[in-house]
Amino acid sequence: MADENGILLECRKVSKLFGDEGKTQQVLQMIRDGVGKDEIQSQLGAVVGVREASFDVKRGEFFVIMGLSGSGKSTLIRTLIRLIDPTDGEIIVDGEDITKLSEEGMRNVRRNKTAMVFQHYGLLPHKTVFENAEYGLRTRGISQTERREKAQSAIERVGLKGWENYRPSALSGGMQQRVGLARALAHDPVILLMDEPFSGLDPLIRRQMQQEFGRLQEQEDLTTILVTHDLDEALMLGDRIAIMRDGEIIQIATPDELVTNPADDYVASFVEGASPARFLVARSIMSEDPITVRDGDSAESAMNLMRERKIWSVFIVDGSGKVQGVTSWDAVQRAAQSGSGTLTTSTSGVRKPTTCDPGMSIDELFPLVLNTRHPVAVLGERDEVEGMITKNMLLEALAHDIDYDEDEVEAPSANGAGTTEQANTEVPSV
Ligand SMILES: Nc1ncnc2c1ncn2[C@@H]1O[C@H](COP(=O)(O)OP(=O)(O)OP(=O)(O)O)[C@@H](O)[C@H]1O
Ligand SMILES: [Mg+2]
């Protein structure tokens with residue numbers, strides 16, 4: 001069972017040292033003192049594989065570990081199920097500190113909760129696809145009928161139905177990779193660990209496998225930790241990505257955060273090739289202070305606000321802050337000159353706003369923003385207006401520049417007032 005935060009695996013200051021065990025305490029002290037990997041190696045001859053790695057993985061999450069060759073990815077993922085014993089730190093899996101388990105206890109965890117796919121999938125060449133998929137289940141003492149069902153279902157899930165009786169050598173690399181995956185899935189793992197599982201595949205098959213895997217992950221109640229060198233793979237599949245350098249995790253972030261806000265130059269160089277627009281969501285491109293007025297407020301005061309802030313659209317909200325309408329300068333000005341002088345949802349020119357969630361992707365936002373002449377309202381948890389997005393903001397974001405300046409975006413025509421209802425988005429600069 002995960003704890004109440006839904007955390008399934010937690011790594012607390014995990015370090016792995018290679019070298020003279022007599023120097024372990026000395027090296028750990030140097031790590032605590034912040035001495036670098038190279039320095040430790042030259043002084044004590046010890047290699048720091050992993051350095052005080054701390055992170056947690058939520059149930060159902062797809063967690064990716066990236067970093068240059070030698071940065072400690074394989075060492076870290078292997079310590080998570082103690083294929084390599086960590087030198088220091090705690091690893092909590094499903095509420096249990098596995099660093100304290102006996103070898104037997106650890107075997108049970110591996111058998112019942114985890115499965116690992118290695119880079120060179122480790123298939124048994126003399127066994128058939130079916131036997132390979134079934135292998136491992138045999139050690140768990142489950143009945144033959146159940147083993148068969150699980151293996152068959154896993155084979156079908158990875159798209160290898162019809163290949164059950166072939167040997168791995170009769171399969172392409174991509175298909176063999178899927179056998180490895182089927183073997184892991186047949187276990188019904190709670191946590192699936194994968195170390196560069198797609199790296200041996202040619203680009204076309206790799207993309208196909210990644211996409212299939214993305215779908216699989218959505219269908220299965222699976223928590224996955226993936227090591228990869230491939231940025232696109234990390235960005236496409238990862239809910240969060242940890243970047244390692246010299247054994248240390250230097251940033252953990254969502255794809256979106258990583259691309260738009262890399263922690264340092266090293267991370268920036270990793271994500272250089274990524275197009276930010278692909279990972280942007282409504283929250284990252286919206287303006288955070290749209291003008292909102294209460295239903296029935298004075299149109300004159302709305303005009304003052306608009307002039308003051310140079311924002312030429314206004315959202316009308318009800319007593320509980322929920323958005324009910326949106327309109328532009330023209331309509332507000334007309335309302336100010338009308339009998340009541342108030343702005344309500346039934347005022348001429350006030351429309352029902354188009355709305356979206358803060359997490360909506362650019363792809364989904366496009367049609368929404370293009371199909372309305374008013375800004376799109378980004379709604380918070382209680383349906384309050386958290387922000388707004390105009391066509392210009394979307395374009396700015398796509399131009400890789402999300403530091404747009406609201407003043408420039410929302411300017412009225414020269415006479416200080418827009419001439420059409422498009423005033424919010426399309427009026428030329430003053
Ligand atoms: N058995 C070992 N004995 C000594 N040093 C090791 C051992 N295994 C790994 N290391 C060292 O630990 C560090 C991390 O290695 P690791 O294999 O985890 O890197 P990686 O990030 O997986 O690299 P790659 O991308 O090349 O697979 C390296 O400096 C490596 O030399
Ligand atoms: Mg590795």
Handout entry: Rounded to whole Hz, the Karplus (6.51, -1.76, 1.60) HN-Hα couplings of the range 19-33, x for glycine and proline
Key = x, 4, 5, x, 9, 3, 4, 4, 5, 4, 5, 4, 4, 4, 7
Exercise for the section: Show the residues, 5+ positions off or on another chain, whose built amide H is closer than 5 Å to the amide H of Q324. Expected result: I316, V317, D318
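For the chain, give the percent of accessible area contributed by carbon and sulfur heavy atoms, probe 1.4 Å, rounded to a whole number. Write out the running numbers ahead of the final one.
Working: 8890 of 19750 Å².
Roughly 45 percent, rounded to a whole number.
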Fill in the blank from the handout: For the chain, percent of DSSP beta bridges that are antiparallel (nearest 5) comes out at 60 percent
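Could you order the peptides 282-294, 95-107 from most to least packed, using the average number of other C-beta atoms within 10 Å per residue? It would help to have the intermediate numbers written out before the result.
Working: 282-294: 19.2, 95-107: 12.9.
Top of the packing list down: 282-294, 95-107.
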Practice task
Mind listing the long-range amide H neighbours of L226? Cut-off is under 5 Å, sequence gap 5 or more, other chains count too, H placed in the peptide plane at 1.01 Å from N.
Solution key: F63, V64, I65, M194
Practice task
Would you grab the residues whose amide H sits under 5 Å from the one on G387? Only those 5+ places off in sequence or on another chain, please, with H modelled 1.01 Å from N.
Solution key: V378
Practice task
For the range 237-309 and the range 95-114, write down the distance between their C-alpha centroids in whole Å.
Solution key: 40 Å
Exercise for the section: Would you tell me the accessible area of Y135, worked out with a 1.4 angstrom probe on the heavy atoms of the protein chains, in Å² to the nearest 10? Expected result: 110 Å²
Handout entry: Among 208-221, 6-19, the order from most to least packed when residues are scored by Cβ within 10 Å on average
Key = 6-19, 208-221
Exercise for the section: With a 1.4 Å probe and every protein chain left in place, tell me how much accessible area H187 has, in Å² to the nearest 10. Expected result: 30 Å²
Exercise for the section: Send over the per residue convex hull volume for the range 190-289, Cα only, as a whole number of Å³. Expected result: 134 Å³
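Could you pull out the pairs from K37/K100; K13/K127; K113/K161 whose alpha carbons sit more than 31 Å apart here? Don't jump to the answer; show the numbers that get you there.
On the way: K37/K100 27 Å; K13/K127 41 Å; K113/K161 26 Å.
Over 31 Å Cα-Cα: K13/K127.
Could you state, as a whole-number percent, how many of the C-alpha pairs of the chain are farther apart than 31 Å?
On the way: 50047 of 92235 pairs.
Cα-Cα pairs in the chain separated by more than 31 Å: 54 percent.
Send over a whole-number figure in Å² for the accessible area per residue of the chain, probe 1.4 Å. All intermediate terms of the calculation are to be shown ahead of the outcome.
On the way: 19750 Å² over 430 residues.
Here the per-residue accessible area is 46 Å².
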Exercise for the section: Compute the label zone of S338 within the range 292-312: residues whose backbone N is under 19 Å from the point 7 Å along Cα-to-Cβ. Expected result: 292-306
Practice task
Convert each backbone phi in the range 90-107 into a coupling constant with the Karplus relation 6.51 cos²θ - 1.76 cosθ + 1.60 (shift: θ = phi - 60°), then list the ³J(HN,Hα) values in order as whole Hz, x for Gly and Pro.
Solution key: 10, 10, 9, 10, 6, x, 10, 7, 6, 5, 9, 6, 6, 4, 5, x, 5, 4
Practice task
Note down the magnitude of the dipole of the chain about its Cα centre, charges +1 on Lys and Arg C-beta and -1 on Asp and Glu C-beta and zero elsewhere, to the nearest 20 debye.
Solution key: 1780 debye
Handout entry: Dipole of the chain, positive end: most advanced residue of A186, I7, Y135 [Cβ charges, Cα centre]
Key = Y135
Exercise for the section: Can you send over the solvent-accessible area of L124, 1.4 Å probe, protein chains only, in Å² to the nearest 10? Expected result: 50 Å²
Exercise for the section: Specify the inter-centroid distance of the range 1-65 and the range 329-377, based on alpha-carbon positions, in whole Å. Expected result: 52 Å
Practice task
Take the chain, connect every pair of alpha-carbon atoms lying under 10 Å apart with a spring to form a Gaussian network, then pick out the residue of T228, T128, T260 with the largest mean-square fluctuation.
Solution key: T128
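The values are calculated or read from the model by the stated rules, or taken from the named source; none is laboratory data. On a predicted model such as this, the values are computed, not experimentally measured, just so you know. With ideal geometry, Cβ positions are generated from the backbone for all residues, glycine too; neighbour counts draw on all protein chains shown. All accessible areas refer to the heavy atoms of the entire protein, side chains included, with ligands and DNA or RNA removed. Shrake-Rupley method; radii C 1.70, N 1.55, O 1.52, S 1.80 Å.
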